[in-house]
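Read the figures in this text as sums done on the coordinates, not as results from a lab. Note that this is a predicted model, so its numbers are computed, not measured. Glycine also receives a Cβ, built like all others from the backbone with ideal geometry; neighbour counts cover every protein chain displayed.
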Amino acid sequence: NDGIRKVIDGDTLGLVIFVKKDLKPKYRLTKLFKYQAIPDRILTKFVEKNFSKGFLSVSIQIDNKTINITNFHLNTGDYDAEPRRRGGYNYRRIHQLKEMIDNSGDDMLIFCGDTNSDLDTQPECKWMLGTGKCIDTYSSCHKEDEGFTWSDDNPYTQGWLISENQRIDAILLNNNMADNCEIVNSTVVFDNDVVSDHYGVLTVIKV
């Protein structure tokens, strides 16, 4: 219990970061996203209480270098599809991650995200890769491979998969992290031995 940080009672946002003890992890921040991708006020309160999204962040020390690791979970929603969202809740929530980037100065950042939206099409992900100046580790290793993590081949999505195949899970590095490490490899995992409605992404980094 002492190792779990809660934003609201009984909810840990479904996020966890495992770090080896010898890296001396330090808790940085757990934060609930301010906006849920639901335009209806009553339903929004229900979603925020029962299906909240947010992010968890820790820091580790390697050779006197501080590396901040953040695991985040966005909600679904298209920036332009629903005018009642007043510009898109996802796009506004991503600025909470922007604040973390801006406040981190020269720190090295690793973002592990379930974006619930395709990296190539949704504005919040375009922001991370554009204005946020983050590097997608999978794309850097596989120029031609789309690397779907949301797939109609997955038995857990069959029958209710609405969107086309997408890559909605990613491990991103900011420029400072990318400049101080080597991306050894990045692969899609759990696509054969399926454990979830999402496949996973595994990236090996040499610092």
Once Tyr156 and Lys206 are pulled to full extension, the length gained, defined as 0.36 nm per residue separation minus their Cα-Cα distance, is 14.6 nm
Isotropic mean projected area of the C-alpha convex hull, the range 162-207 (nm²) | 4.2 nm²
Stretch gain in nm, segment Asp193-Leu32, where the contour uses 0.36 nm per residue and the Cα spacing is subtracted = 54.8 nm
Please work out the FRET efficiency for the pair Asp106 and Val184, using the Cβ-Cβ distance as r and a Förster radius of 25 Å; give the result to the nearest 0.05.
-> 0.60
Per-residue HN-Hα couplings for the range 125-131 [Karplus 6.51, -1.76, 1.60; θ = phi - 60°; Hz; x = Gly/Pro] | 6, 4, 5, 4, 7, x, 4
State, to one decimal in nm, how far the label point of Glu164 lies from the label point of Lys133, with both points 7 Å from Cα in the Cβ direction.
-> 3.3 nm
In the neighborhood of Gln61, defined by Cβ-to-Cβ distances under 14 Å, what is the net charge if each Lys or Arg adds +1 and each Asp or Glu adds -1?
-> +3
Placing +1 at every Lys and Arg Cβ and -1 at every Asp and Glu Cβ, with all other atoms neutral, what dipole size does the range 102-154 have around its Cα centre, in debye to the nearest 20?
-> 220 debye
